[in-house]
Each structure stands twice: as structure tokens, then as C-alpha cells.
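For reference, the structure discussed in these notes is given below.
The values are calculated or read from the model by the stated rules, or taken from the named source; none is laboratory data. Everything numeric here is computed off the predicted structure, so don't read it as measured data. In this analysis, Cβ positions are derived from the backbone assuming ideal geometry, glycine residues included, and neighbour counts consider all displayed protein chains.
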RNA sequence: CGAGGUGUAGCGCAGUUUGGUAGCGCGUUUGGUUCGGGACCAAAAGGUCGCAGGUUCAAAUCCUGUCACCUCGACCA
């Protein structure tokens, strides 16, 4: 029987044979996205957008709980405004799309389609911030941004993508730093408790930091092919943007001071991460908290006496208990429905047929490990809720175990090279840009982050150049 | 942006070398039998061969250009 199952599965490539093709197959065949007529832009279909809505819902609650409010700023940014922060411009200029015409008129000043909104938000904050009493400013916006990327992949890197960007202003560097760290913490908690993705948080190198930031913190996750995905970043912008955009306030001591700003963002890229961390050869495996459908009820032999009615009754009972549930009453065979559920990553499948009705039970099948159990129809919603929690925990533990098994500690460059070929490497690093560039050229690996809370010292010399080592750095090939 | 590959029915593909009536499997529709891991029988519908030019009596097939996707690089929060 197991063999027969294998036969059905794949119009999907196998992860082990061609991970990229597997990813493409999964997102297309589960109806998450489709390619559009515009190069590099994707259509997010209802099943994919459903995941994004749940992500938004969960994150937004966390932003509100930490005192932030949502706002919306314009899509278009005048060129002169964008150009005010030199390092920022240099970083983003190569990937900015421009609006140059309005109808038939050539615009007197071209308008950038926002690649990120520090500039336009900064210019508004300069008006709104006058006094220390106005601080802190804590806002977030959910929107789209555009970056003219040369090579694109759905969710992971698209020309237009959806995200949230938080932008705050504080009276002191300490407060700004506290905010930067706090929001990265919110991201980490979200990634682990909602997406069931273990992440490593830490600080970016000078090369990898956000253009215009004092420093950038990041959370990095490992995909099943061992490559890293940056899942979210939080930037302490110091006074760089405040000075460029004139965000000043009169402090308690009567002195006019520049504010300290932060920004932090996560995007639809996280959905790509979700797929690549949890998916298997049968398709998606969605963690319960972001699964648009948590439970699929599959009636067996539904034409038979009372089966459909009972299935329908269960469906409403589960729905009323607050579960996201669907009833598959199509004419497809049971086997077809099972495989479809699995491909779409639905966490729990409920099978109900004549035998179950006799016994007053149903069959529960979990997506993460395919374990089948019989459960009484009594209190089914509670049983399933417990099961969903188990599934979440199991997914997280699996992902963590897989990640930890692919982290290598290297004190010599041979070990380093092997380690980044399918995983993360922890190594001591000199902190120099030329060394970072050389490592990338030789191995394809980039610096991911200097992890927080790690004071390990593997060696007192840099793993690559042998100069005195400054910090423990995590290296990996990245998406 | 560079190198390589692929575009033919909703999906997966054959046909292209050697130009000569557009094919197969799955899916879809209709009717019937089925129903606990992708059921079966019968009938039917569905394609200006990615797009635009060109060569030719004749182009899916040859030539030129172009677009999209995939892989690997380069680039990139």
C-alpha cells in the first residue's frame, strides 16, 4: 500500500533531486501563486494569500501589543526626497523603478516607486515631531514595494512584493536600540510560535547591513537544502535619516536635538521560507496557525445512508468551535481527496465513513507524520485543537533538529568549505570587508549574522585570512 | 546581465534532425456502474504549435528577431 501511495504523489519533483524544481512545482500545483504578464511579478492566488492574511493577522496583533499603530504613506517618492540620504540612495538606486510620465506629460521631477519608505516617512516625521512630548513615534504600514530585481523567484524575490515596514522615532539612541532589538524579538517569537520556523538572530556585517543604517539585526532560517533565508530585519538608523530629513525636537532641557529612528520589516518572502522549511515530497506542510484550512473533512462513501449528513454535522461543529475547516463533498474518490489534502499541506484530515458512524468515531490523520488515530466524535473539536498544537510543536522540533544537524563549527578553511555546502558554518572572523568578499568569491557563502548571546570563541584567528579574529560569524549560502 | 535548456489542448509530453491533413496520456463534459489511499465502461468537446517577421507551392519543423519560464553564474536588505 505504501508503494502505491508513492506512485500517486508526484507530479512534484523530489526535494532531494531538484530542490528548486520541487519548490516551483509546489507553489504552482497548490494554487498559491501564478506567474503574471509582468516580468518578475507574481499573482498571489487565494490559497497563498490566505496564508499571508493569517500572517498579517498574527503579526499585526503583536505590533499593536507593543504600542504601534498602522498608517499608510504614498507609493511614489519624489527623486529629490529619495536622494537625501547618500548611503541609502547608493544602496537602492540600482533597483528603483521610476514614474516619468503622467498621461502624456513628462513629469518635472520623476517619482520613484518606493523600494522602502524611510525617505518619505522621514520627511513626514520631520513635520510631525516637534517636542520630546511627540516621542516616541511608533508606526507601521502594510503595503507593497518594488525593487527591480534581475532574477526573481515567487515569494523569495519578486519585483513587487507585500510587506510590513515599521518606522519609529525616539529621543535617545538607547531607546532606538531598545526598539530595534524588541521588534527583532517580536519577529523571532512570531517565526517560532506561528510559523514553527527556528531562527537565529544576530547582527549583520557592515557589508550586509541596510543602506543607511547604523546597524542591522536579522533573523536567519535554514531551508531544507541548507541554504539561509533572511526572514526579517530590524535596523537602528541612528540619526542618519533624522539628519537627512530634519527630524528634530525640542528636548526637556530646551535643546533642539535630532531624533533617533528605527525601521523593521518582514515580507511575503516568509511564505517561501515556510514552504522550504516544512514541505516534503508530497507537497506543502503548513503549520496550523497559518494554514488557511486547518481541517479537511472527507466523507467516505458519502452516498451511503447518513454519511454525508454526519460529515456535514461534524463540519459545522468544527467550524463553530473556531477551526478553519472545509468539507470535501466532491465526487472524487477518497484516495484522490487524501492526496489533494496532503499536497495542499492541510494539517489534519478527518475521515468519516459508515464504519465510523457505527462506532461513533472518526479517523484523524495528521499531515506532519501521517499518523492515523481513531477519535470519538464527542468533543472532536477539542481533540483536534490539541492535535494542532502537537503538530505545531513537532514541526518546530523537526525543523530545529534538521537545522542543528547542519551547523558546522569550522576552525580551518577546508571544514568551512564543506560546511557551507549544504548548511551553516560558525567560524571566527576578522571582521574585514576584503576577507568577507574573498570568502564569497571562493565559496559562494556570505556572512549571515553575528549571533546574539553567543560568546563562543573557537579560535583567536580568522578562519579564512588568519588575521586576529573579532567575532563569531555565521556563514552560509543564501537565497 | 552572461552561459545553457524549455515553450505544441487545462496539465504532462511526442512530433522538429530529413518541411507535406495536429498526435498520445491524464484531466474536462454527458450517461451508467462504483466509493476506507488518485475506480471502471461508453460517447463527446477541446490546439491560429509562445509571439512577430522572413524563406517556400507548402512551416510546429528552416532563418531572423522577440517574450516567458527553468538551471547555473553575476548582481542584490
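List pairs: first residue in segment A:80-93 and in the same structural domain as residue A:212 (by TED's automatic domain parsing), second residue modelled with pLDDT under 90 and in a helix (DSSP H, G or I) anywhere in the structure, Cβ distance under 6 angstrom, at least six positions apart or on different chains.
Taking only residues 6 or more apart or on different chains, the pairs are A:83/A:89.
With more than 12 Å from the chain's Cα centre (by Cα), within 13 Å of RNA strand B (Cβ to nearest atom) and outside any loop (DSSP other than H, G, I, E, B) as the only criterion, which of A:184, A:229 stands out?
Unique residue meeting the criteria: A:184.
Report, ordered by the first and then the second residue, all pairs with beta carbons closer than 7 Å, sequence separation of six or more or different chains, a first member in segment A:298-316 that is under 24 Å from residue A:342 (Cβ atoms), and a second member that is surrounded by fewer than 13 Cβ atoms within 10 Å (Cβ to Cβ) and at pLDDT 90 or above.
Every condition considered, no pair remains.
Quick one: residue A:64 ticks every box in (1) part of a helix (DSSP H, G or I); (2) over 30 Å from residue A:45 (Cα atoms) bar one, so which box is it?
Residue A:64 satisfies all of (1) part of a helix (DSSP H, G or I); (2) over 30 Å from residue A:45 (Cα atoms) except (2).
Got a sec? Which of A:191, A:196 is assigned to a loop (DSSP other than H, G, I, E, B), in contact with a helix residue (DSSP H, G or I) (Cβ under 8 Å, 6 or more places away or on another chain) and surrounded by 19 or more Cβ atoms within 10 Å (Cβ to Cβ)?
Working: A:191 fails: assigned to a loop (DSSP other than H, G, I, E, B).
Answer to the check: A:196.
State all residues of segment A:1-33 that are at pLDDT below 85, part of a loop (DSSP other than H, G, I, E, B) and either out of contact with any helix residue (DSSP H, G or I) (no Cβ under 7 Å at 6 or more places or on another chain) or closer than 11 Å to residue A:275 by Cα (or both); if no residue qualifies, say none.
Correct list: A:1, A:10, A:16, A:17, A:18.
Go through segment A:256-265 and give me each residue that's crowded, with 24+ Cβ neighbours inside 10 Å and within 13 Å of RNA strand B (Cβ to nearest atom).
Matches in segment A:256-265: A:263, A:264.
Got a number for residues in segment A:301-321 being touching a helix residue (DSSP H, G or I) at 6+ places or on another chain (Cβ under 7 Å) and crowded, with 18+ Cβ neighbours inside 10 Å?
5
Can you tell me which residue within segment A:385-425, out of those that are over 24 Å from the mean Cα position of the chain (by Cα) and within 15 Å of residue A:367 (Cα to Cα), is surrounded by the fewest Cβ atoms within 10 Å (Cβ to Cβ)?
A:386
Pairs only if they're at least six apart or on different chains, beta carbon under 7 angstrom, first in segment A:318-334 and assigned to a loop (DSSP other than H, G, I, E, B), second within 10 Å of RNA strand B (Cβ to nearest atom); list them, first residue then second.
Every condition considered, the pairs that remain are A:328/A:298; A:328/A:337; A:329/A:299; A:329/A:302.
To keep it simple, each residue is scored yes or no on (1) free of Cβ contacts under 8 Å to residues at least 24 places away in the same chain; (2) within 16 Å of RNA strand B (Cβ to nearest atom); (3) surrounded by fewer than 20 Cβ atoms within 10 Å (Cβ to Cβ).
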residue: A:433; (1), (2), (3): no, yes, yes
residue: A:448; (1), (2), (3): no, yes, no
residue: A:459; (1), (2), (3): no, no, yes
residue: A:475; (1), (2), (3): no, yes, no
